[in-house]
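The values are calculated or read from the model by the stated rules, or taken from the named source; none is laboratory data. Everything numeric in this text was worked out from a predicted model, so none of it was measured. Virtual Cβ from ideal backbone geometry, glycine too; neighbours counted across all protein chains shown. Side chains included, ligands, DNA and RNA excluded: accessible areas come from the protein's heavy atoms. Shrake-Rupley method; radii C 1.70, N 1.55, O 1.52, S 1.80 Å.
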Amino acid sequence: MIAFAAYLALPLFGLAILRLTGVRTLDLAARLALAGAAGVLSVSAVLSVLSVLSIPWSRTSVFVPLAAIAIAGFLLRKKALNPPRVGGLAAIAVIAVLFAYGLFTARITSGDLHFFWGPKSILFYQSDGVTIAALQSLSNKYMNPDYPLLLPLVYAWSQIVARQFSWWAALAASGLFLFASVMIVRSASRDAHAAVLMAAALGYAVAKSYSSGAAEPLLLLFEIITLCALVFIEDERTQTILAALGLIGAAATKIEGATFSTAVVLAILIVRRDWKLAIRIGAPAAVVIAGWMAFVRGYEISLLYTAGTMPMFFSAIPIALTELTRTAGYGVWGLPWIAAIALIVTGDTRRAAALPIVVSILTIGAAIFFYIHMPDPRVWIAGSGPRVLLTPLCALLIAAAASHRIASPDAAR
Amino acid sequence: MSRIRAAVAWGAAALLTIALVRHYAWLGGPYFTFPETVQDHVWPTPFASRDVIVLARHAATILPRNATVTAIEPSLAPNYDVTHFLTAWGVMPHQRVVPPKFDQELPQFVLAVRSDFPDARYRLHSATPQGKIYEVIR
C-alpha cells in the first residue's frame, strides 16, 4: 500500500502546473492527471540531480527537495476557472475497473516488468542512485542498458518511500497512468464519446499487448499530454509548456519517445508550417535525447541508438507491412482503428485532426523503417508490434476527438 | 451526424469492452483468487518465468546472503533464456544473481525450473513444486 501511495502522491510535486491558464480550465481529474505527470518529471529530476552530484538517495535527501517543490507548487497554483462538465465518467469508470481486474488477477502483465524495468529500478535503489558502476554492471548489460531512465526512476521513487519494490504497485501505477491519460483527453476535448472510445480502445490494446508494468502506459501519458496540448488547448503559453513537457517525458521514457518527438516536430512543420512553435516545443526534448545519447555512448553502454546505422533490407518491406497490418488487428479486425477513423469521417471538422493524423502516419512509418533493418522481422514485429502501434493508435484516437466541434462547454453532457 | 458519431463511439467501446472480457476468459481461471505472482495468468498455460518467481522467492529466504545464484530452464541448454536470471535478480535482492554462464566462475547455486539440472559439478540442495535448487560441489 505504501508503495502505491508513492505513485498517488506524485501530483503533489507537480502542483505548479495548476498555475497555467489552459490547465485551470480543465476539470479536477484532468488537473490531477497533469499534476501527476509533472510530478513524475519533478521526482525524476530530483533523483537524477542527486545522482549527478553523487549524493546517495535516502528519504532525507529525496524528501527535502521534493517537499520544497511541493510547497512552492502549492503557493504558485491558481484556482480552477469554472471547468465545463463532460459526460462519460461512469462508462470510463466501468472500463477502468475491468482493466484493474486484469491487473490484479495477473492477466495483462508485461514480461518486461520482471525482465528489466523492475530489476533496473531495484539496481539503482540498491546503488543509492544511478551510478556509473550500476550502469556498467554485468547485470545491467542484460537490462537494455541504454533505455532511458524515467520509468526506473519512478519505480525507484516508490522504493525510497516504501523501502522495497512492489510488483503489484508497479502494475497499479500503469493503470493510473493509462486512465489519467483518458481523463486528460476527456476534459481537454470535452468530447465524452471520444473519451469513452479512447478508454475502451486503449484499455483493450494495452491489455492485449501486455504492456502493464512496462513503459508504454507512462509513454502514452506524455504523448497524450503533448497531442492534447497542441490540439485542444487554446492558451498559447499553456500549449507550449504542456507540449514541451510531454515531449520531454516521452523522450525520457522510451526510445520510441524520441521517434514520437521527431514526428510531432515534423507534423507541426507540415500541418501548421510554424517552425518557431516546432523549435519551442521540440528543443527541450532534443536536449534530453542528445544528452542521453552522448551519455550512453560516452560510457559505452549504447546498443539501440546505433541500430539506425545498420543496413536496411528493402525486401523486408512487404513482410513488415503484412505483419504490422496483422498485428494492428489486435485480434478484433482492427476495430480500434476503424472506430477512430469512423469518428473522424463522421466529424464536423477535420482541421484540428490533421496534426495527430500526421503524427500517427509518421510513427507508423518510423516503425516500418526500424523493422526493415532485419531481413525477416516477423518475430520482432510479433513481439513488439502491438506495443509500438499503441502510439499511432493513440494519435488517431485524439484525431477522432478533435474531429468534432463542441458548440458549448455543456454540449457533451 | 452527431447521433451516428455517438453510436459509433459507444458501439465500438462496448465491443472492445466485450473483447477485453473475452480475452480474460480465454486466459482461464481461477477468476476471483488473488494470484501468487504478477505472471500467473498472462497465458492459458503458466510461463516458466512464473515458476522462476516462485522458486526465487523461496530461495531468497533459504540461501545465504551474497551467495552467487543463477536461474535456468535446463532443457534450453546451452542457450539459456537470460530473462530467467533477470527475473530472479528482481526477487533476490540479498543474493548476487548472475547470468547463466557455466564456463567461467560457477554460480554457487542454480535455480532450475521445469526440469532437472544434471551437471556433475552440482548436487541437489532442495526441491519445490516449481523447480529444484542445486548447490555447487566444492
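So here's what we get for this one:
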| item | result |
| --- | --- |
| Qualifying residues in region B:28-46 (those that are within 30 Å of B:Tyr80 (Cβ to Cβ) and surrounded by fewer than 18 Cβ atoms within 10 Å (Cβ to Cβ)) - the one farthest from the chain's Cα centre (by Cα) | B:Gly28 |
| Scan of region B:36-59 for residues that are closer than 18 Å to B:Pro99 by Cβ and more than 12 Å from every other protein chain (Cβ to nearest Cβ), ordered by number | B:Leu55, B:Ala59 |
| Single condition B:Pro118 does not satisfy, out of (1) open to solvent by less than 20 Å² (accessible area, probe 1.4 Å); (2) assigned to a loop (DSSP other than H, G, I, E, B) | (1) |
| Test: residue in region B:103-113 that is in contact (Cβ under 8 Å) with a residue 24 or more places away in the chain, open to solvent by less than 40 Å² (accessible area, probe 1.4 Å) and over 27 Å from A:Gln159 (Cβ atoms) | yes |
| Test for A:Val154: is it crowded, with 21+ Cβ neighbours inside 10 Å and not in a helix (DSSP H, G or I) | no |
| Region B:75-88 - residue that is in contact (Cβ under 8 Å) with a residue 24 or more places away in the chain and surrounded by fewer than 19 Cβ atoms within 10 Å (Cβ to Cβ) and, of those, nearest to the other protein chains (Cβ to nearest Cβ) | B:Asp81 |
| Enumeration of residues in region A:92-103 that are more than 7 Å from chain B (Cβ to nearest Cβ) and either touching a residue at least 24 places away in the same chain (Cβ under 8 Å) or in contact with a His (Cβ under 7 Å, 6 or more places away or on another chain) (or both) | A:Ile92, A:Ala96, A:Phe99, A:Ala100, A:Leu103 |
| Flag if B:Ala71 is small (Gly, Ala, Ser), crowded, with 24+ Cβ neighbours inside 10 Å and at pLDDT 95 or above | yes |
| Of residues in region A:79-89 being open to solvent by less than 80 Å² (accessible area, probe 1.4 Å) and more than 12 Å from every other protein chain (Cβ to nearest Cβ), the one farthest from A:Ala29 (Cα to Cα) | A:Leu81 |
| Test: A:Asp146 is open to solvent by 20 Å² or more (accessible area, probe 1.4 Å) and closer than 20 Å to A:Gly213 by Cα | no |
| Those helices (runs of 4 or more DSSP H) lying entirely in region A:1-76 with at least 2 residues without any contact (Cβ under 8 Å) to a residue 40 or more places away in the chain and more than 21 Å from the chain's Cα centre (by Cα) | A:28-52, A:59-76 |
| Members of region B:121-138 found to be open to solvent by 60 Å² or more (accessible area, probe 1.4 Å) and of a type in the set (Gly, Ala, Ser), listed by number | B:Ala127 |
| Conditions (1) hydroxyl-bearing (Ser, Thr, Tyr); (2) within 14 Å of chain B (Cβ to nearest Cβ); (3) touching a Pro at 6+ places or on another chain (Cβ under 8 Å): number failed by A:Thr363 | (2) |
| Options A:Ala200, A:Ala169, A:Ala180; residue that is over 19 Å from A:Ser44 (Cα atoms) and modelled with pLDDT of 95 or more | A:Ala200 |
| Residues (part of a loop (DSSP other than H, G, I, E, B) and either open to solvent by 10 Å² or more (accessible area, probe 1.4 Å) or of a type in the set (Ser, Thr, Tyr) (or both)) located in region A:381-402 | none |
| A:Thr109 more than 21 Å from B:Thr70 (Cβ to Cβ) and at pLDDT 95 or above | yes |
